[in-house]
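Asks: Provided herewith is a single structure, encoded as structure tokens, for subsequent inquiry.
The values are calculated or read from the model by the stated rules, or taken from the named source; none is laboratory data. The model shown is predicted, which means the values in this text are computed figures rather than measured ones. Here the Cβ positions follow ideal geometry from the backbone for every residue, glycine too, while neighbour counts run over all protein chains shown.
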Amino acid sequence: MIKSYLLIPLLLLFACSGPQQKNVTAGAPFDTFKTEGKKVVVYTTADSSDFRLSHTDTVIFTAPVKTSEKHIYLFADPTKTFQSFLGIGGALTDAAAETFAKLPEEKQQQLLTAYYDIQKGIGYSLGRTNINSCDFSSDSYTYVDEGDKELKSFTLAHDEKFKMPLIRKAITAAGGKLTLFASPWSPPAFMKDNNNMLHGGKLLPEFFQSWATYYTKFIKSYEKAGIPVWGITVQNEPMAVQKWESCIYYAEDERDFLKNYLGPTMEKEGLGDKKIIVWDHNRDLIAQRARVILDDPDAAKYVWGMGFHWYEDWSGGTQMFSNLGIVHETYPGTNLLFTEGSNGDFDTARYYDWSLAERYGEAMINDFNNGACGWTDWNILLDETGGPNHIGNFCFAPVHGNTKTGELIFTPAYYYIGHFSKFIRPGAKRIVSTASRSQLITTGFINEDGSVVIIVMNQSTIEARYVLCAGKGEAEIHILPHSIQTLVF
């Protein structure tokens with residue numbers, strides 16, 4: 001049975017944005033970090049309850065007592081900081097835009113507010129879009145005529161119909177700024193050795209320069225149309241031969257294309273300030289890709305960071321979070337950005353499958369703890385079929401729009417993501433946050449205004465009480481089974 005309270009976001013509950021205390025200075029000695037007497041505001045989303053990003057408690061830090069093996073502890077130290085936080089968001093694909101356009105105007109505004117408004121929604125600040133078509137497009141397309149190596153026919157007429165209007169509205173809803181990056185799934189067919197945008201294939205050497213210029217035309221055309229582009233990835237999933245748009249780059253291929261064509265062309269066209277992200281595929285092979293590209297100084301100088309996805313566990317294995325940690329430790333100057341993740345096997349009966357939301361919580365906590373600076377979900381919106389998708393690769397989104405009834409369906413994943421995106425703001429620094437029992441997993445950040453945000457997740461079937469220890473204070477907090485909490489102080 002569909003629970004009616006999940007059909008719309010609880011915007012009234014989102015009116016609170018957490019305390020804006022400014023009494024904490026990141027990097028101050030731990031023994032001067034005074035919490036005793038301060039409030040901890042607790043927000044909860046829990047299975048088998050009505051809690052959806054709900055303010056469920058306010059507790060007060062008291063003087064600490066000696067630790068005991070009988071209790072569960074969560075230790076947070078805001079004076080020990082790590083990577084800076086870029087943001088959290090989702091992909092503004094053709095599928096999202098086409099679904100959005102079919103919704104009633106009031107539902108369109110509800111969706112924009114729910115995602116991008118920091119007070120009434122979950123404050124998305126990051127976005128991704130596709131260059132040329134992807135699987136989540138209604139058909140395959142490019143921006144040039146077939147065979148146009150000189151790119152004289154380049155036009156964004158396709159994107160102007162649905163995708164660009166949605167992106168502009170998202171920017172407005174986010175307060176006028178959205179960190180947007182773009183990814184290609186495939187060059188035009190005539191540029192590839194299989195003469196097909198689908199089924200893998202490789203970029204032909206005689207089109208290396210033409211394809212490098214293609215990125216710059218895309219960026220300049222978008223910006224001329226009023227949509228700033230922060231960065232690009234070289235290729236979506238460069239090691240996957242897909243039945244949809246795809247193109248293979250082995251590590252050496254990506255390295256050489258970047259250093260000999262894409263990087264120099266971006267600089268020549270006055271786009272040297274745009275961020276370039278390599279890999280943009282699963283965590284499994286990220287260390288090998290990092291070694292090949294980042295150990296070459298002529299290629300590495302163009303790299304802002306490495307993008308990664310979560311699909312390495314498709315066969316039932318576990319997500320390989322430690323691979324990120326290895327890259328982060330080996331190449332500490334290279335940013336790590338989660339660029340795509342979604343749950344497949346779409347079925348409307350699973351809209352409220354709690355495990356789908358918990359996959360988000362587990363991944364986000366572990367990715368941040370292993371050095372990720374930001375996190376980008378896949379489609380922000382899909383229709384009642386899990387599409388549109390021109391090759392039938394249907395999946396879930398945090399929000400689905402029923403184009404027949406006009407209703408919005410907010411899945412539990414939307415709220416799990418919101419526990420991070422609403423409270424951790426761009427410019428924050430990750431801090432020490434660790435639990436004494438494996439029942440709880442956690443990560444933490446300190447915002448630029450001094451507010452501390454701790455995320456705690458309980459994937460078990462057992463409720464628990466834990467003691468939050470931070471500075472010169474501790475606070476006891478209750479957590480429900482299969483739930484996630486955000487603590488703000």
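Asks: Confirm whether residue 99 is buried (at least 24 other Cβ atoms within 10 Å of the Cβ), part of a helix (DSSP H, G or I) and over 19 Å from the mean Cα position of the chain (by Cα). Even if it seems obvious, please write down each step before you answer.
Replies: Numbers: buried (at least 24 other Cβ atoms within 10 Å of the Cβ): yes; part of a helix (DSSP H, G or I): yes; over 19 Å from the mean Cα position of the chain (by Cα): yes.
Yes, satisfied.
Asks: Shifting gears a bit: Looking only at residues in the range 449-489 that are in contact (Cβ under 8 Å) with a residue 40 or more places away in the chain, of a type in the set (A, V, I, L, M, F, W, C) and not in a strand (DSSP E or B), which one is surrounded by the most Cβ atoms within 10 Å (Cβ to Cβ)?
Replies: My answer is 489.
Asks: Residues 67, 58, 32, 25: which one is polar (S, T, N, Q), in the same structural domain as residue 459 (by TED's automatic domain parsing) and modelled with pLDDT of 90 or more? First the steps, then the outcome.
Replies: Values: 67 fails: modelled with pLDDT of 90 or more; 32 fails: modelled with pLDDT of 90 or more; 25 fails: modelled with pLDDT of 90 or more.
Selected residue: 58, the only one of 67, 58, 32, 25 that is polar (S, T, N, Q), in the same structural domain as residue 459 (by TED's automatic domain parsing) and modelled with pLDDT of 90 or more.
Asks: Turning to a different aspect of this structure: Before we move on, is residue 415 crowded, with 19+ Cβ neighbours inside 10 Å, among the hydroxyl-bearing types (Ser, Thr, Tyr) and out of contact with any strand residue (DSSP E or B) (no Cβ under 6 Å at 6 or more places or on another chain)?
Replies: Details: crowded, with 19+ Cβ neighbours inside 10 Å: yes; among the hydroxyl-bearing types (Ser, Thr, Tyr): yes; out of contact with any strand residue (DSSP E or B) (no Cβ under 6 Å at 6 or more places or on another chain): no.
The answer is no for residue 415.
Asks: Residues in the range 217-255 that are hydroxyl-bearing (Ser, Thr, Tyr) and crowded, with 20+ Cβ neighbours inside 10 Å: how many?
Replies: 4
Asks: Restricting the first residue to the range 376-397 and requiring it to be in the same structural domain as residue 139 (by TED's automatic domain parsing) and farther than 18 Å from residue 338 by Cα, which pairs with a second residue that is among the basic types (Lys, Arg) and assigned to a loop (DSSP other than H, G, I, E, B) meet a Cβ separation below 8 Å and a spacing of at least six or different chains?
Replies: Listed pairs, sorted by first residue: 383/102; 384/404; 391/243; 393/243.
Asks: Sticking with this one: Tally time: how many residues in the range 198-236 are assigned to a strand (DSSP E or B) and either over 23 Å from the mean Cα position of the chain (by Cα) or without any contact (Cβ under 8 Å) to a residue 12 or more places away in the chain (or both)? Give the steps one after another, and end with the answer.
Replies: Applying the first criterion (assigned to a strand (DSSP E or B)) to the range 198-236 yields 198, 203, 231-233.
With either over 23 Å from the mean Cα position of the chain (by Cα) or without any contact (Cβ under 8 Å) to a residue 12 or more places away in the chain (or both) added as a condition, the list becomes 198, 203.
Residues flagged as assigned to a strand (DSSP E or B) and either over 23 Å from the mean Cα position of the chain (by Cα) or without any contact (Cβ under 8 Å) to a residue 12 or more places away in the chain (or both) within the range 198-236 amount to 2.
Asks: So which residues in the range 64-90 are of a type in the set (A, V, I, L, M, F, W, C) and touching a strand residue (DSSP E or B) at 6+ places or on another chain (Cβ under 7 Å)? It would help to see each step written out before you state the result.
Replies: Just the residues of the range 64-90 that are of a type in the set (A, V, I, L, M, F, W, C), to begin with: 65, 72, 74-76, 82, 85-86, 88.
Answer for the range 64-90, where residues must be of a type in the set (A, V, I, L, M, F, W, C) and touching a strand residue (DSSP E or B) at 6+ places or on another chain (Cβ under 7 Å): 72, 74, 75, 76, 82, 85, 86, 88.
Asks: Within the range 37-60, can one find any residue that is farther than 30 Å from residue 461 by Cα and in contact (Cβ under 8 Å) with a residue 40 or more places away in the chain? Quick ask: steps written out before the conclusion?
Replies: Start the filter on the range 37-60 by keeping residues that are farther than 30 Å from residue 461 by Cα, which leaves 37-38.
From the residues that got through so far, the ones that are in contact (Cβ under 8 Å) with a residue 40 or more places away in the chain too are 37-38.
Yes; the residues of the range 37-60 include at least one that is farther than 30 Å from residue 461 by Cα and in contact (Cβ under 8 Å) with a residue 40 or more places away in the chain.
Asks: If you check residue 298 against the conditions, is it surrounded by fewer than 20 Cβ atoms within 10 Å (Cβ to Cβ) and part of a helix (DSSP H, G or I)?
Replies: Details: surrounded by fewer than 20 Cβ atoms within 10 Å (Cβ to Cβ): yes; part of a helix (DSSP H, G or I): yes.
For residue 298, the condition - surrounded by fewer than 20 Cβ atoms within 10 Å (Cβ to Cβ) and part of a helix (DSSP H, G or I) - is met.
Asks: Another question, if that's okay. When you go through 153, 138 one by one, which is the residue that is without any contact (Cβ under 8 Å) to a residue 12 or more places away in the chain, surrounded by fewer than 20 Cβ atoms within 10 Å (Cβ to Cβ) and part of a loop (DSSP other than H, G, I, E, B)?
Replies: Details: 138 fails: without any contact (Cβ under 8 Å) to a residue 12 or more places away in the chain.
Of the residues listed, the single one that is without any contact (Cβ under 8 Å) to a residue 12 or more places away in the chain, surrounded by fewer than 20 Cβ atoms within 10 Å (Cβ to Cβ) and part of a loop (DSSP other than H, G, I, E, B) is 153.
To keep it simple, each residue is scored yes or no on (1) assigned by TED's automatic domain parsing to the domain that holds residue 290; (2) of a type in the set (D, E, K, R); (3) in contact with a Cys (Cβ under 9 Å, 6 or more places away or on another chain).
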residue: 174; (1), (2), (3): yes, no, no
residue: 185; (1), (2), (3): yes, no, yes
residue: 193; (1), (2), (3): yes, yes, no
residue: 197; (1), (2), (3): yes, no, yes
residue: 210; (1), (2), (3): yes, no, no
residue: 215; (1), (2), (3): yes, no, no
residue: 224; (1), (2), (3): yes, yes, no
residue: 235; (1), (2), (3): yes, no, yes
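Asks: Further question on the same structure: Based on this model, can you work out whether residue 342 counts as assigned to a helix (DSSP H, G or I) and not hydrophobic (A, V, I, L, M, F, W, C)? Walk me through how you get there before you give the answer.
Replies: Working: assigned to a helix (DSSP H, G or I): no; not hydrophobic (A, V, I, L, M, F, W, C): yes.
It is false that residue 342 is assigned to a helix (DSSP H, G or I) and not hydrophobic (A, V, I, L, M, F, W, C).
Asks: Also, I was wondering about something else. Looking at the range 62-96 only, could you name the residues that are in contact with a Cys (Cβ under 7 Å, 6 or more places away or on another chain) and in a loop (DSSP other than H, G, I, E, B)?
Replies: Selection gives 64, 85, 86, 93.
Residue-by-condition table, conditions (1) in a loop (DSSP other than H, G, I, E, B); (2) in contact with a strand residue (DSSP E or B) (Cβ under 8 Å, 6 or more places away or on another chain); (3) at pLDDT below 95:
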| site | (1), (2), (3) |
| --- | --- |
| 256 | no, no, no |
| 290 | no, yes, no |
| 293 | no, yes, no |
| 316 | yes, no, yes |
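Asks: Starting from the range 237-252, keep only residues that are free of Cβ contacts under 8 Å to residues at least 60 places away in the same chain, then list their pairs with residues that are of a type in the set (Ser, Thr, Tyr) whose Cβ atoms are within a distance under 7 Å, requiring at least 6 positions of separation or different chains.
Replies: 238/249; 240/246
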